[in-house]
């Protein structure tokens, strides 16, 4: 289904955030002149360029679905949402902004590199975008990175640009036609409240490759291969990153049996970042971009805000802001990246029932002396830590992030580091990870005059 197929349809839009607004503008650009029914949790101000729009909430929203021929769903609405269930019951044809964008790009013959995984999507997408740009190629960075793809389709089409499209599990869940290049990174449990189970979450991710066409390219982490094979056989031309493709060995990046350059060339620390770098190399070569270009980009890229950001020295303590960490596996990766300097770890956020046992196991092998725990998941981590025999670190439960930082300032020895890596979503106390990262940085205060 393409945007032009909707111009004469009675269209409804579920959700009027950035994705819903982009879909509405795309409809208007394509010549859709009729009133659009927008189903929202609460009404939002209407812009003049949106044309005639009627917003419906509650029972009215459910009722109006009977008059809609096609519903464009924003990605945040889970399968169990009442309005989605009502649309399913009525048999309303449904699509998403992601599906509409991919349909347009594929029809126009423009390459799209879709990148998904549990962690590292944004970093990998940004590194690939910068690498293609450094090679002089026309490229756009869109999608879950925070930029609604449909809103930028006219520029992409006019410039014949390559799209680097970060894709969440929500956006992959009901893909109809996948990207011409699919990159699948690591997998570990997340978003079970949306998908219903770990299995459903993993299989949603795998649709990025399962919906590709013959001749499309797949670059996939070997740990994801069994899940992909449950939906579609992994073709011989796919590159499994660790099996003869790009991989890490002996402190270097390799392509098969050819050593490329040392891992120390990459400014971002940690094996997980090196593995993401392998995915960038594997995708970049499809566009004729050599390893030397990617190496140069990796050497200058400082990372995204709130992803293992080194804030420098404050009060003789080095503070590391990893507020984007929303699962325990991300916290483990951050610990591994900064060991053995971390003496204090701040963990906790919205409790989604994650298994924190691997984090506790990692702490038992680390030099961490103090673990400061935030609500709500922090209480479960505290119980695991206290039950672990032989674990010497101090366990401190606090009410909020300000108190956590105050405790860290008091308990972290001078010359050591404090890592804030929550390992849980932010929504119990903050609007998003960015707000959480800003709050942490504000609580830590100004950098020492002599101390980066």
Item to complete: Select, from 434, 379, 389, 426, the only residue that is in the same structural domain as residue 347 (by TED's automatic domain parsing) and in contact with a strand residue (DSSP E or B) (Cβ under 9 Å, 6 or more places away or on another chain).
Response: 379
Practice prompt. Within the stretch 94-123, track down each residue that is at pLDDT 95 or above and in a helix (DSSP H, G or I).
Written response: 97, 98, 99, 100, 101, 102, 103, 104, 105, 106, 107, 108
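To keep it simple, each residue is scored yes or no on (1) under 21 Å from residue 337 (Cα atoms); (2) buried (at least 19 other Cβ atoms within 10 Å of the Cβ); (3) without any contact (Cβ under 8 Å) to a residue 40 or more places away in the chain; (4) touching a strand residue (DSSP E or B) at 6+ places or on another chain (Cβ under 9 Å).
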residue: 197; (1), (2), (3), (4): no, no, yes, no
residue: 245; (1), (2), (3), (4): no, yes, yes, yes
residue: 272; (1), (2), (3), (4): yes, yes, no, no
residue: 292; (1), (2), (3), (4): no, no, yes, yes
Item to complete: Inspect all residues belonging to the stretch 87-98 and state whether any of them is touching a helix residue (DSSP H, G or I) at 6+ places or on another chain (Cβ under 6 Å), over 21 Å from residue 150 (Cβ atoms) and crowded, with 18+ Cβ neighbours inside 10 Å.
Response: no
Item to complete: List the number of the failed condition for residue 367; all other conditions in (1) surrounded by 22 or more Cβ atoms within 10 Å (Cβ to Cβ); (2) more than 30 Å from residue 197 (Cβ to Cβ) hold.
Response: (1)
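So, in the stretch 46-61, of the ones that are within 16 Å of residue 27 (Cα to Cα) and either out of contact with any helix residue (DSSP H, G or I) (no Cβ under 6 Å at 6 or more places or on another chain) or touching a residue at least 40 places away in the same chain (Cβ under 8 Å) (or both), which residue ends up surrounded by the fewest Cβ atoms within 10 Å (Cβ to Cβ)? Even if it seems obvious, please write down each step before you answer.
The initial filter retains those residues of the stretch 46-61 that are within 16 Å of residue 27 (Cα to Cα), namely 46-54.
Next, only the ones that are either out of contact with any helix residue (DSSP H, G or I) (no Cβ under 6 Å at 6 or more places or on another chain) or touching a residue at least 40 places away in the same chain (Cβ under 8 Å) (or both) stay: 46-49, 52-54.
On the way: 46: 15, 47: 11, 48: 5, 49: 10, 52: 10, 53: 15, 54: 13.
Once the filter is applied, the top-ranked residue is 48.
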Worksheet item: Can residue 64 be described as touching a residue at least 12 places away in the same chain (Cβ under 8 Å), closer than 24 Å to residue 170 by Cβ and either in contact with a helix residue (DSSP H, G or I) (Cβ under 9 Å, 6 or more places away or on another chain) or in the same structural domain as residue 155 (by TED's automatic domain parsing) (or both)?
Response: no
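Could we say that residue 194 is in a helix (DSSP H, G or I) and under 26 Å from residue 82 (Cα atoms) here?
Details: in a helix (DSSP H, G or I): yes; under 26 Å from residue 82 (Cα atoms): yes.
Answer is yes for this residue.
Test residue 79 against the stated conditions and say whether it is without any contact (Cβ under 8 Å) to a residue 24 or more places away in the chain, under 30 Å from the mean Cα position of the chain (by Cα) and part of a loop (DSSP other than H, G, I, E, B).
no
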Practice prompt. Read through the list (1) under 26 Å from residue 20 (Cα atoms); (2) in contact with a helix residue (DSSP H, G or I) (Cβ under 8 Å, 6 or more places away or on another chain); (3) in contact (Cβ under 8 Å) with a residue 40 or more places away in the chain, then give the number of the only condition that residue 206 fails.
Written response: (3)
Worksheet entry | Filter pass, residue 132 being farther than 25 Å from residue 203 by Cα, in contact with a helix residue (DSSP H, G or I) (Cβ under 7 Å, 6 or more places away or on another chain) and surrounded by 21 or more Cβ atoms within 10 Å (Cβ to Cβ) | yes
Discussion item. I'm told residue 323 meets every condition in (1) over 25 Å from residue 409 (Cβ atoms); (2) touching a strand residue (DSSP E or B) at 6+ places or on another chain (Cβ under 8 Å); (3) assigned by TED's automatic domain parsing to the domain that holds residue 411 except one. Can you identify the failing condition by its number?
Written reply: (1)
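The values are calculated or read from the model by the stated rules, or taken from the named source; none is laboratory data. The structure displayed is predicted, hence computed values, not measured ones. Here the Cβ is made from the backbone with ideal geometry for all residues, glycine too, and neighbour counts use every protein chain on show.
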